[in-house]
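Here is the structure we will look at, set down as structure tokens.
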Amino acid sequence: MNDSLDDWFAREILVHEGALVSFLHRAWPDRAEIHDLRQEAYVRVYEAARKCRPTTPRAFLFTTARHLITDRLRRGRVVSIEPVGDLDALNVLIDEVSPERRLDAHQTLHRLAAAFDRLPPRCREVMWLRRVEELPQKEVAARLGISEKTVEKQVAKGVRLMAGYFYGNGQVRRATRPGVPETEDGTGHGQQHPD
């Protein structure tokens, strides 16, 4: 590659700083740690890109940030086994799942299922294999008899449509553009008919 790693990083990763910071503000409760989380995500992406540059840099950045948050949450839940003395004196509240949180999770799951069911058939099949069964892109392509690029496009399309359902107007559209019919492989890259 003629492109230096620093140039690639500035062009493909740093341009998403505003979106990354917004994501971290929504996902992480402690505002004082947002700067550190952002920097650590950048370091992880940069180190990974030294070995192999990701094909979808923005998605890789946000996946890295999500994994970083998951790691921090997991570490925060580790309990020390050293004796602490009188446990009753600590006056610690027990973190139970409230009925409201359980209902909210149940409703979110139903919305997710509804969004998933509204995806075009090929897109839904690819999303299931990649995101639920967690098969590698190459294996999904081989299993469905499509190219890896089509798998990548279908995943991106599925994520976009489901995000539109959750954060947009609540509907998943089947065609990608008006006047462009959905093709058999579900890409929406059919030939446009003259008006």
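Which one of these is modelled with pLDDT of 85 or more and open to solvent by less than 30 Å² (accessible area, probe 1.4 Å): Val180, Val140?
Val140
Would you tally the residues in segment 23-52 being surrounded by 11 or more Cβ atoms within 10 Å (Cβ to Cβ) and in a helix (DSSP H, G or I)?
Of the residues in segment 23-52, the ones surrounded by 11 or more Cβ atoms within 10 Å (Cβ to Cβ) are 23-25, 27-28, 33-38, 40-46, 48-49.
Okay, now just the ones that are also in a helix (DSSP H, G or I), so 23-25, 27, 33-38, 40-46, 48-49.
Matching residues across segment 23-52 total 19.
Being open to solvent by 30 Å² or more (accessible area, probe 1.4 Å), among the aromatic types (Phe, Trp, Tyr) and assigned to a helix (DSSP H, G or I): is that true of Phe9 here? Spell out how you get there, then give the answer.
Details: open to solvent by 30 Å² or more (accessible area, probe 1.4 Å): no; among the aromatic types (Phe, Trp, Tyr): yes; assigned to a helix (DSSP H, G or I): yes.
When the stated conditions are applied, Phe9 does not pass them.
Quick check on this structure: which one of Leu161, Leu119, Leu93 is modelled with pLDDT of 75 or more and not in a helix (DSSP H, G or I)?
On the way: Leu161 fails: not in a helix (DSSP H, G or I); Leu93 fails: modelled with pLDDT of 75 or more.
Within the list Leu161, Leu119, Leu93, the selection yields Leu119.
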Of the residues in segment 12-22 that are of a type in the set (Val, Ile, Thr) and in a helix (DSSP H, G or I), the one that is surrounded by the most Cβ atoms within 10 Å (Cβ to Cβ) is Val21
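The values are calculated or read from the model by the stated rules, or taken from the named source; none is laboratory data. Bear in mind the structure is a predicted one, so any value in this text is a computation, not a measurement. Note: ideal-geometry Cβ built from the backbone for every residue, glycine included; neighbour counts use all protein chains shown. To get the accessible areas, we keep the full protein, side chains included, count just its heavy atoms, and leave off ligands, DNA and RNA. Shrake-Rupley method; radii C 1.70, N 1.55, O 1.52, S 1.80 Å.
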